[in-house]
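Engineer: Structure in structure tokens, see below.
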Amino acid sequence: MFGLGAGRRWLRAVFLSLAVACGVSAGARAEEGPVIAAASDLQFALEEIAAAFAANSGQKVRLSFGSSGNFARQIRQGAPIEMFLSADEDYVLALARDGFTRDQGALYAIGRIALIVPHGSPLKADGTLADLKAALRDGRLVKFAIANPEHAPYGKRAAEALRHQGLWDAIASKLVYGENVTQAAQFAMSGNAQGGIIAYSLALSPRISALGAYALIPEDWHAPLRQRMVLLKNAGLAAEHFYAYVQQPAARAIFQQYGFALPGEAEWK
């Protein structure tokens, strides 16, 4: 189990690693493996999948986590990314229409959002957001974290859920925006806010769940988080192999472990 201080140090370390990872260098060396750009909600699931892929194939990939919108922009600017796993399929489909990818890719998962609160927060882990509404009225809420809805799909869905419950206008001035959903989790759990809405996959991870409590938000309060992946035009053999591996039963089982629904399946974990 992580203590609160250790958990905060870990979250800061994750954020710093993401800050480095999101700046994909044009001088990346091919022998280090292909750059796989992935939405931040995949931080834990994809690390496990990549480790299993390396153990089974002997091939390595370099994972870079960040917001889907920022990666889509980097791809258009020529970043040396060979495979893109987006949290919102619209980014992939737009890149395909504009000729940056081999095809339209494949749907690999459907995500969920969850409300999360750190230990000691005045907020309750209430997926109905009723306690959040009460906290806005009685002054318990000072700051609340979500990812930036301008370019982070999980932030956009968080905003949709807040609007669905009529909370957006009241909470807008109290929002702290993470550059991506992992940074939003850091803000929510490290004392910068009383809680937040983040990816269910992150809330389920042992490292984050040890720091507080979480509750799922109803899936019909926001547009579906249809997550699509695609190979870019410059993808090499190792990226092709990883793309295929992500669609195999071993990888799909890891996605399920982190709360993702799989294409064609009706039930959530």
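Engineer: Going by what's in this entry, would Y245 be described as surrounded by fewer than 21 Cβ atoms within 10 Å (Cβ to Cβ), aromatic (F, W, Y) and at pLDDT 95 or above?
Structural biologist: Here the answer is yes, as Y245 does meet what is asked.
Engineer: Turning to a different aspect of this structure: Could you please find all residues in the stretch 161-186 being buried (at least 17 other Cβ atoms within 10 Å of the Cβ) and in a helix (DSSP H, G or I)?
Structural biologist: A161, L162, I171, V181, T182, Q183, A184, A185, Q186 - these are the residues of the stretch 161-186 that are buried (at least 17 other Cβ atoms within 10 Å of the Cβ) and in a helix (DSSP H, G or I).
Engineer: Here's something else I'd like to know. If you scan the stretch 117-132, which residues turn out to be in a helix (DSSP H, G or I) and either at pLDDT below 95 or surrounded by fewer than 17 Cβ atoms within 10 Å (Cβ to Cβ) (or both)?
Structural biologist: A130, the sole residue that qualifies.
Engineer: Picking from A114, A109, A72, which residue would you name as being buried (at least 19 other Cβ atoms within 10 Å of the Cβ), free of Cβ contacts under 8 Å to residues at least 24 places away in the same chain and within 19 Å of the chain's Cα centre (by Cα)? Can you show your working first?
Structural biologist: Numbers: A114 fails: free of Cβ contacts under 8 Å to residues at least 24 places away in the same chain; A109 fails: free of Cβ contacts under 8 Å to residues at least 24 places away in the same chain.
That would be A72, the only listed residue that is buried (at least 19 other Cβ atoms within 10 Å of the Cβ), free of Cβ contacts under 8 Å to residues at least 24 places away in the same chain and within 19 Å of the chain's Cα centre (by Cα).
Engineer: Further question on the same structure: Count, please, the residues in the stretch 219-259 that happen to be farther than 20 Å from M83 by Cα and either touching a helix residue (DSSP H, G or I) at 6+ places or on another chain (Cβ under 8 Å) or of a type in the set (F, W, Y) (or both). Steps first, answer last, please.
Structural biologist: Step one: of the stretch 219-259, the residues farther than 20 Å from M83 by Cα are 219-224, 253, 256-259.
Applying the additional criterion that residues be either touching a helix residue (DSSP H, G or I) at 6+ places or on another chain (Cβ under 8 Å) or of a type in the set (F, W, Y) (or both) yields 221-223, 257-259.
Count: 6.
Engineer: While we're looking at this one, here's another question. For the stretch 133-151: of the residues being among the aliphatic types (A, V, I, L, M) and in a loop (DSSP other than H, G, I, E, B), which is surrounded by the most Cβ atoms within 10 Å (Cβ to Cβ)?
Structural biologist: From the stretch 133-151, those among the aliphatic types (A, V, I, L, M) are 134-136, 141-142, 145-147; that's our starting set.
This time we only want the ones that are in a loop (DSSP other than H, G, I, E, B), so: 141-142.
On the way: L141: 22, V142: 12.
That would be L141.
Engineer: Still on this model: Taking V230 and the conditions (1) of a type outside the set (G, A, S); (2) within 30 Å of Q165 (Cα to Cα); (3) outside the structural domain of I116 (by TED's automatic domain parsing), which numbered condition does it fall short on, given that it satisfies the others?
Structural biologist: So the condition that V230 fails would be (2).
Engineer: Still on this structure: Residues being hydrophobic (A, V, I, L, M, F, W, C) and touching a Leu at 6+ places or on another chain (Cβ under 7 Å): count how many of those fall in the stretch 73-114. Steps first, answer last, please.
Structural biologist: Start the filter on the stretch 73-114 by keeping residues that are hydrophobic (A, V, I, L, M, F, W, C), which leaves 75, 79, 81, 83-85, 87, 92-96, 100, 106-107, 109-110, 113-114.
From what is left, the residues that are touching a Leu at 6+ places or on another chain (Cβ under 7 Å) are 75, 81, 83-85, 87, 100, 109-110, 114.
Counting residues in the stretch 73-114 that are hydrophobic (A, V, I, L, M, F, W, C) and touching a Leu at 6+ places or on another chain (Cβ under 7 Å) gives 10.
Engineer: Can you find, within the stretch 30-53, the residue that is farthest from Q183 (Cα to Cα) among those that are in contact with a helix residue (DSSP H, G or I) (Cβ under 7 Å, 6 or more places away or on another chain) and charged (D, E, K, R)?
Structural biologist: Checked the stretch 30-53; the qualifying residue farthest from Q183 (Cα to Cα) is E48.
The values are calculated or read from the model by the stated rules, or taken from the named source; none is laboratory data. Since the model is a prediction, treat every value here as computed from it, not as a measurement. Positions of Cβ are generated from backbone atoms using ideal geometry, with glycine treated the same way; all protein chains shown enter the neighbour counts.
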